[in-house]
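Q: Structure incoming, see below.
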Amino acid sequence: MPDKMKRPDVKLVLLGDMNVGKTSLLHRYMERKFKETVSTVGGAFFLKQWGPYNISIWDTAGREQFHGLGSMYCRGAAAVILTYDVTNWQSLAELEERFLSLTDTANHDCIYAIVGNKADLTDPKAHLSRTSDGQPEDQTECEEERTEPQVLSACPTPPASPASLSGVMLHKQVTHEDAVALYGRILRYKGLDEKSSLPAEKVCFETSAKTGYNVDALFETMFDLVLPSILRKRHENQESPTVDLEDSQGAHSRKARIGCC
Ligand SMILES: Nc1nc2c(ncn2[C@@H]2O[C@H](COP(=O)(O)OP(=O)(O)OP(=O)(O)O)[C@@H](O)[C@H]2O)c(=O)[nH]1
Ligand SMILES: [Mg+2]
């Protein structure tokens with residue numbers, strides 16, 4: 001497929017504190033598995049083909065030292081997925097204290113989702129997971145259970161809690177209501193009216209990257225919600241077509257060469 005066909009139509013960004021599971025959520029959705037992660041450095045993006053559209057999904061680093069990059073990654077984002085860990089109250093507080101202001105560079109009609117990950121640690125129902133077509137999630141490739149030695153990197157992400165391995169439930173520090181309340185505060189921060197915005201029930205999720213619980217629902221809901229943004233962008237581009245600098249420079253230099261020889 002020519003390179004141009006793969007240019008992203010729209011951008012989604014995952015934000016949140018280190019260790020909440022942003023990279024694991026993306027692996028689960030894109031690669032259908034849960035595997036050991038290394039704490040993200042800077043950011044990385046995956047391209048997802050959604051019908052005729054290309055969606056770039058940006059994974060960002062939660063570590064404080066990369067904080068300055070966050071607003072750059074959010075520039076022009078059509079959706080931001082603010083991620084916390086349901087077993088860690090501070091990870092929710094950080095979304096408001098540290099990450100929300102990074103979204104000032106996102107599109108004015110950016111959609112915000114609030115996602116509480118690691119639900120498998122607190123909620124037995126998060127152990128059962130279905131793919132978007134209703135099939136049980138395939139967990140046979142769960143690399144966490146592999147016994148081969150893992151290559152240690154300079155900055156390994158702390159391993160999943162032993163509780164997640166033993167099946168012991170942990171205390172849920174953040175409730176769904178806490179996330180809904182944060183969503184309300186985000187709308188106020190953005191100067192948006194609750195009545196004309198997406199309802200919290202549509203954009204507040206609890207997920208498990210480990211079991212796959214709600215992961216398809218999260219990403220695919222977001223893809224559907226950004227479709228209007230894609231269509232608007234395409235419409236704007238049709239009305240004021242951009243000049244492809246590469247092509248025009250190529251044509252120009254070809255002309256120049258023709259002219260001078
Ligand atoms: N039990 C459980 N553990 C998870 C889940 N998601 C991630 N983890 C574990 O949490 C740790 C951190 O996961 P990452 O995906 O690297 O976290 P991150 O948010 O990308 O972290 P940074 O890249 O540092 O910002 C890893 O040990 C994962 O195995 C989950 O849904 N359930
Ligand atoms: Mg990461």
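Q: So how many residues does the stretch 184-196 have that are closer than 30 Å to P124 by Cβ and either at pLDDT below 95 or of a type in the set (A, V, I, L, M, F, W, C) (or both)?
A: The number of residues fulfilling the criteria is 1.
Q: Still on this structure, please answer the following. Find all pairs meeting these conditions: Cβ atoms under 7 angstrom apart; at least six residues apart or on different chains; first residue within the stretch 89-113 and within 17 Å of V203 (Cα to Cα); second residue among the charged types (D, E, K, R) and surrounded by 15 or more Cβ atoms within 10 Å (Cβ to Cβ).
A: L92/D178
Q: A follow-up question, please. So, in the stretch 164-183, of the ones that are assigned to a helix (DSSP H, G or I) and loosely packed, with under 14 Cβ neighbours inside 10 Å, which residue ends up modelled with the highest pLDDT? Let's see the steps before the verdict.
A: Just the residues of the stretch 164-183 that are assigned to a helix (DSSP H, G or I), to begin with: 164-166, 176-183.
Right, trim to loosely packed, with under 14 Cβ neighbours inside 10 Å and you get 165-166, 177.
Details: L165: 49, S166: 57, E177: 98.
Only one residue tops the list, namely E177.
Q: Select from the stretch 26-48 the residues that are buried (at least 21 other Cβ atoms within 10 Å of the Cβ) and either under 21 Å from L102 (Cα atoms) or without any contact (Cβ under 8 Å) to a residue 12 or more places away in the chain (or both) and list them in ascending order.
A: Within the stretch 26-48, just L26 meets the criteria.
Q: On to the next question. Only one of (1) assigned to a loop (DSSP other than H, G, I, E, B); (2) free of Cβ contacts under 8 Å to residues at least 40 places away in the same chain fails for L231. Which number is that?
A: (1)
Q: Which pairs turn up if I take residues in the stretch 49-64 that are buried (at least 16 other Cβ atoms within 10 Å of the Cβ) and look for partners that are assigned to a strand (DSSP E or B) and of a type in the set (S, T, Y) with beta carbon separation below 9 Å, at least 6 apart in sequence or on another chain?
A: G62/T83
Q: Of the numbered conditions (1) within 16 Å of ligand 2 (Cβ to nearest atom); (2) surrounded by 14 or more Cβ atoms within 10 Å (Cβ to Cβ); (3) within 25 Å of E96 (Cβ to Cβ), S71 fails exactly one; give the number of that condition.
A: Going through (1) within 16 Å of ligand 2 (Cβ to nearest atom); (2) surrounded by 14 or more Cβ atoms within 10 Å (Cβ to Cβ); (3) within 25 Å of E96 (Cβ to Cβ) one by one, S71 breaks only (1).
Q: Sticking with this structure for a sec: Going by the structure shown, is Y213 at pLDDT 90 or above, among the aromatic types (F, W, Y) and under 18 Å from V20 (Cα atoms)?
A: It is true that Y213 is at pLDDT 90 or above, among the aromatic types (F, W, Y) and under 18 Å from V20 (Cα atoms).
Q: Sticking with this structure for a sec: Name the residue, out of G68, G16, G62, that is at pLDDT below 95 and within 16 Å of ligand 1 (Cβ to nearest atom). Give the steps one after another, and end with the answer.
A: Working: G16 fails: at pLDDT below 95; G62 fails: at pLDDT below 95.
Of the residues listed, the single one that is at pLDDT below 95 and within 16 Å of ligand 1 (Cβ to nearest atom) is G68.
Q: Determine, yes or no, whether V86 is within 10 Å of ligand 1 (Cβ to nearest atom) and either basic (K, R) or touching a residue at least 60 places away in the same chain (Cβ under 8 Å) (or both).
A: So V86 passes the test.
Q: Sticking with this structure for a sec: Being surrounded by fewer than 16 Cβ atoms within 10 Å (Cβ to Cβ), modelled with pLDDT of 95 or more and within 16 Å of the chain's Cα centre (by Cα) is the requirement here; does E201 meet it?
A: Numbers: surrounded by fewer than 16 Cβ atoms within 10 Å (Cβ to Cβ): yes; modelled with pLDDT of 95 or more: yes; within 16 Å of the chain's Cα centre (by Cα): no.
So E201 fails the test.
Q: Is there any pair linking a residue in the stretch 175-194 that is among the small types (G, A, S) to one that is buried (at least 16 other Cβ atoms within 10 Å of the Cβ), with Cβ under 6 Å and at least six apart or on different chains, and which?
A: A179/I114; A179/G116; A179/C204
The values are calculated or read from the model by the stated rules, or taken from the named source; none is laboratory data. Note that the coordinates shown come from a computational prediction; the quantities given were computed from them, not determined experimentally. Here the Cβ is made from the backbone with ideal geometry for all residues, glycine too, and neighbour counts use every protein chain on show.
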